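See below for the structure under consideration.
The values are calculated or read from the model by the stated rules, or taken from the named source; none is laboratory data. Every value quoted in this text rests on a predicted model; they were computed, and no experiment measured them. We place every Cβ from the backbone using ideal geometry, glycine too, and count neighbours over all the protein chains shown.
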Amino acid sequence: MGARVGREATSGRVVGVEEAVSILRRGGLVALPTETVYGLGASALDPEAVARIFAVKRRPRHHPLIVHVADADHLPGWAEVPEAAWRLAERFWPGPLTLVLRRGPLALDAVTGGLATVGLRVPAHPLTQAVLVGLGGGIAAPSANRFGHISPTTAAHVLADLGDEVDGVLDGGPCAVGIESTIVDLSGGEGEAPRVLRLGAITPEAIAEVLGREVGSSLGAQATAEGERALAPGQLASHYAPRARLELWPREAIGARASALVGARVIVLGDAELGVSAESWARGLYAALREADARGPEVILVPVPPPGALMQAVRDRLERAAAPRNYM
């Protein structure tokens, strides 16, 4: 591999596709837009570059990363690919679905956290697709923010969080979905039911329909502390958190709770900030939390999301953001 990227030359700059590919080939880090959130990308075949992801994010080294590839044809080599994976890939890729599979020879310990599995996904954003095609390999990319904090859905969010610790930012505009991908574990073999490890825009019901079988869930089997090993990203009980304390309350109780916080600086998020549809909640959640947090409150109050499959994924993020913090 050639000389590594000099951060003083490229730090914090918005770059184009060709420069992004060049940075990745030289062992640098590029923030990449996807339909879910912005990812902090490194060549998944470069252990030194991958190690820098963990350092920049301040992420525990045993937490696995997702490898992004250009299309499903790139899966062999990265993983053992069961029939169920091909069926889900055909239906949902490119798109916000990550498959956890038994790892193949290309999947480095630096990426998998030493696990026998690897998470893979094909993102839908055209700019990141172009980078993947230009690079000709996989990109390891967790969310482009400090570990445990609010995920970024714009290039400005990335620069505010990581600044000159990222070598380039590919600005693809606001993310269309706004919350992280659904993660499905298919590593147990054909005899075991698939398990949803993280909720997202693709629902367990949609996955079950494609596979023609029941889909289980491991959402309750979370890693609860920094020292515990997680099978997939986003499994810590506390995650996605603002600096302020976040509280979830039934909509009808929000006013009373705000009044009870006498002397505290309180911000209440509602329809004006989050919208009324599930799609608007998902798309705007992280931006709304960031904007509220920037105003320096002590407490951010958010109404409990109404029922619905996508709202369940939004509620998952909010409950983790409101949980006691164990990663600080």
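Can you report the number of residues in the range 134-154 which are within 22 Å of Ala321 (Cβ to Cβ) and at pLDDT 95 or above? Full working, then the answer.
Pass one, the range 134-154, residues within 22 Å of Ala321 (Cβ to Cβ): 141-154.
This time we only want the ones that are at pLDDT 95 or above, so: 141-145, 150-154.
Adding up the residues that qualify gives 10.
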Point to revise | Scan of the range 206-261 for residues that are of a type in the set (Val, Ile, Thr) and either assigned to a helix (DSSP H, G or I) or at pLDDT 95 or above (or both), ordered by number | key: Ile207, Val210, Ile254
**Study point:** Residue in the range 154-184 that is nearest to Thr112 (Cα to Cα), counting only those that are surrounded by fewer than 24 Cβ atoms within 10 Å (Cβ to Cβ) and charged (D, E, K, R)
**Key:** Glu165
Practice item. Kindly provide the set of residues from the range 287-304 that are buried (at least 18 other Cβ atoms within 10 Å of the Cβ) and in a helix (DSSP H, G or I), ordered by number. Key: Ala287, Ala288, Leu289, Arg290, Ala292, Asp293
Point to revise | Only one of Gly284, Gly255, Gly308 that is in contact (Cβ under 8 Å) with a residue 24 or more places away in the chain and surrounded by fewer than 18 Cβ atoms within 10 Å (Cβ to Cβ) | key: Gly308
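Looking at Gly178, Gly200, Gly173, which is the one that is in contact with a strand residue (DSSP E or B) (Cβ under 7 Å, 6 or more places away or on another chain) and modelled with pLDDT of 95 or more?
Details: Gly178 fails: in contact with a strand residue (DSSP E or B) (Cβ under 7 Å, 6 or more places away or on another chain); Gly173 fails: in contact with a strand residue (DSSP E or B) (Cβ under 7 Å, 6 or more places away or on another chain).
Residue meeting the stated conditions: Gly200.
Report whether or not Ala323 is within 23 Å of Gly200 (Cα to Cα) and either touching a Cys at 6+ places or on another chain (Cβ under 6 Å) or at pLDDT below 95 (or both).
Considered against the rule, which asks whether it is within 23 Å of Gly200 (Cα to Cα) and either touching a Cys at 6+ places or on another chain (Cβ under 6 Å) or at pLDDT below 95 (or both), Ala323 comes out as yes.
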Exercise for review: Considering only the range 17-36, state which residues are closer than 29 Å to Gly200 by Cβ and touching a strand residue (DSSP E or B) at 6+ places or on another chain (Cβ under 9 Å).
Suggested key: Ala20, Val21, Ile23, Leu24, Gly28, Leu29, Val30, Ala31, Leu32, Pro33, Thr34, Thr36
Check your understanding: Out of (1) under 30 Å from Leu285 (Cα atoms); (2) charged (D, E, K, R); (3) touching a strand residue (DSSP E or B) at 6+ places or on another chain (Cβ under 6 Å), what's the single condition that is false for Asp71?
Key -> (3)
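Among the residues of the range 45-63, write down those that are in contact with a Pro (Cβ under 9 Å, 6 or more places away or on another chain), modelled with pLDDT of 95 or more and not hydrophobic (A, V, I, L, M, F, W, C). Give the derivation first.
Within the range 45-63, the subset in contact with a Pro (Cβ under 9 Å, 6 or more places away or on another chain) is 53-54, 57, 59, 63.
Those left that are additionally modelled with pLDDT of 95 or more: 53-54, 57.
The answer is Lys57, and nothing else.
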Practice item. Quickly run through the range 262-274 and pick out the residues that are touching a helix residue (DSSP H, G or I) at 6+ places or on another chain (Cβ under 6 Å) and either on the phi > 0 side of the Ramachandran plot or in a helix (DSSP H, G or I) (or both). Key: Glu273, Leu274
**Study point:** Every residue from the range 305-322 that is outside any helix (DSSP H, G or I) and either in contact with a helix residue (DSSP H, G or I) (Cβ under 7 Å, 6 or more places away or on another chain) or assigned by TED's automatic domain parsing to the domain that holds Leu199 (or both)
**Key:** Pro305, Gly308
Practice item. Output the residue which, of all residues in the range 1-32 that are within 22 Å of the chain's Cα centre (by Cα) and either in a strand (DSSP E or B) or among the acidic types (Asp, Glu) (or both), is modelled with the lowest pLDDT. Key: Val14
